[in-house]
Amino acid sequence: MWAVVTTGTGGYDRLSWREVPRPVPGPGEVLVQVLAAGVNNTDINTRLGWYAPEVTDGTAETSDTAADAAGGWDGATPFPLIQGTDCCGRVVGAGAGVDAGLIGQRVLVRPCMDDPVTGASGGRWLGSNLDGAFAQFVKVPAGEVFALRSGWSDAELASVPCAYGTAENMLHRAGVAAGMRVLVPGASGGVGSAVVQLAKRRGAEVVAVTTAAKAAALRDLGADRVLERADDPVQALGAQSVDVVVDTVGGPGFGGLLTVLRRGGCYVTSGAIAGPVVRLDLRVMYLNDLRLIGCTAWAPQVFADLIGYVERQEIRPLVAATLALPQIAEAQRLFQEKRHLGKIVLLPPP
């Protein structure tokens, strides 16, 4: 089969389009033909070595040679690696002990997988701990594929797993419910736009932060109010006026995000594209009984719930562009420009 193999940390030259052996499913595993695979921040962060502790800049400012292979988010990245966290595919083979009825089913692969040794939820990630979807085929545990009934295209379905799963997990962990006010920095990205939809689905009031050019699109997604990135959230909204901040941006704006939280409010994050090292005034946190939650591993019910939302059309897919899988460097360049709304999706050759 053909795949994009990431050979180590560095620039786009580390993305090698090459022929590799097709994986063979073992006991309890299935072979999935990849129909579409989304692009995510973690793909770029891992290639750049951004997760290394010595890297303190945002993703856009991190050089192609920022760190060595020890810069993985879960220990050293197992290079060479086929990345790709989002997978919409079709089951085409099964190992021993797997229900043959799965073969032929169109599925989404849960990217945040249970640890096969400990059984812990969210113990490993597709495309980071094991080979992922930037290939014609991928093998995964049978319990991590979810068949679904949907008229969405392959590319639309591939926009869901990582972004919507991460968004839903943060909202679940923060306890977002009807009547709450939720602030969403980075609302035009894959995770941010998913947060807008999923928070509205829960009945929350959503305040989105984006550029002026994308404001109308965010309102169309359900945002009740839109702030521009240059706006000071404290001046725009007032101190202690927000119940939950759902953030993937971080960087220098972090302090203001805590100031807008009401007493007992919650800041929840799964990323820091504007910079991972922030200034925290502990007095703001403890005097206001704030909760700060970091999210990587998903709660067990998150992905199954998402499948239901898709089947009932309670959320909308947001595909900004589709490119052929060999064009991955161009896709990542477009992703880094941040001019798009939603997801960029790669299509493997048949």
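Scan region 107-136 residue by residue and report those that are surrounded by fewer than 22 Cβ atoms within 10 Å (Cβ to Cβ) and either out of contact with any helix residue (DSSP H, G or I) (no Cβ under 9 Å at 6 or more places or on another chain) or free of Cβ contacts under 8 Å to residues at least 12 places away in the same chain (or both).
Of everything in region 107-136, those that are surrounded by fewer than 22 Cβ atoms within 10 Å (Cβ to Cβ) and either out of contact with any helix residue (DSSP H, G or I) (no Cβ under 9 Å at 6 or more places or on another chain) or free of Cβ contacts under 8 Å to residues at least 12 places away in the same chain (or both) turn out to be Asp115, Pro116, Val117, Thr118, Gly119, Ala120, Ser121, Gly123, Arg124, Asn129, Leu130.
Select from region 228-272 the residues that are part of a helix (DSSP H, G or I) and in contact (Cβ under 8 Å) with a residue 40 or more places away in the chain and write down the one among them that is nearest to Thr59 (Cα to Cα).
Selected residue: Gly251.
If I go through region 300-317 residue by residue, how many of them are open to solvent by 10 Å² or more (accessible area, probe 1.4 Å) and either touching a strand residue (DSSP E or B) at 6+ places or on another chain (Cβ under 9 Å) or assigned to a loop (DSSP other than H, G, I, E, B) (or both)?
9
Can you pull out every residue in region 15-40 that is among the polar types (S, T, N, Q) and either crowded, with 20+ Cβ neighbours inside 10 Å or in contact with a Cys (Cβ under 7 Å, 6 or more places away or on another chain) (or both)?
Asn40
Could you please tell me which pairs satisfy a Cβ distance under 6 Å, a separation of 6+ or placement on different chains, a first residue in region 14-31 that is outside any strand (DSSP E or B), and a second residue that is of a type in the set (S, T, N, Q)?
Arg14/Thr6; Arg14/Thr7
Considering Gly58, Gly28, Gly38, which residue is over 30 Å from Ser153 (Cα atoms) and small (Gly, Ala, Ser)?
After applying the criteria, what remains is Gly58.
Please indicate, with yes or no, whether at least one residue in region 282-297 is within 21 Å of Ala163 (Cβ to Cβ) and at pLDDT below 95.
Within region 282-297, one or more residues are within 21 Å of Ala163 (Cβ to Cβ) and at pLDDT below 95.
Just checking, does region 159-179 include any residue being more than 28 Å from Val242 (Cα to Cα), hydrophobic (A, V, I, L, M, F, W, C), crowded, with 24+ Cβ neighbours inside 10 Å and at pLDDT 95 or above?
The answer is no; no qualifying residue exists.
The values are calculated or read from the model by the stated rules, or taken from the named source; none is laboratory data. Every value quoted in this text rests on a predicted model; they were computed, and no experiment measured them. Cβ sites come from the backbone with ideal geometry, for glycine too, and all protein chains shown count toward neighbours. For the accessible areas, the whole protein counts, side chains as well, though only heavy atoms, and no ligand, DNA or RNA atoms are used. Shrake-Rupley method; radii C 1.70, N 1.55, O 1.52, S 1.80 Å.
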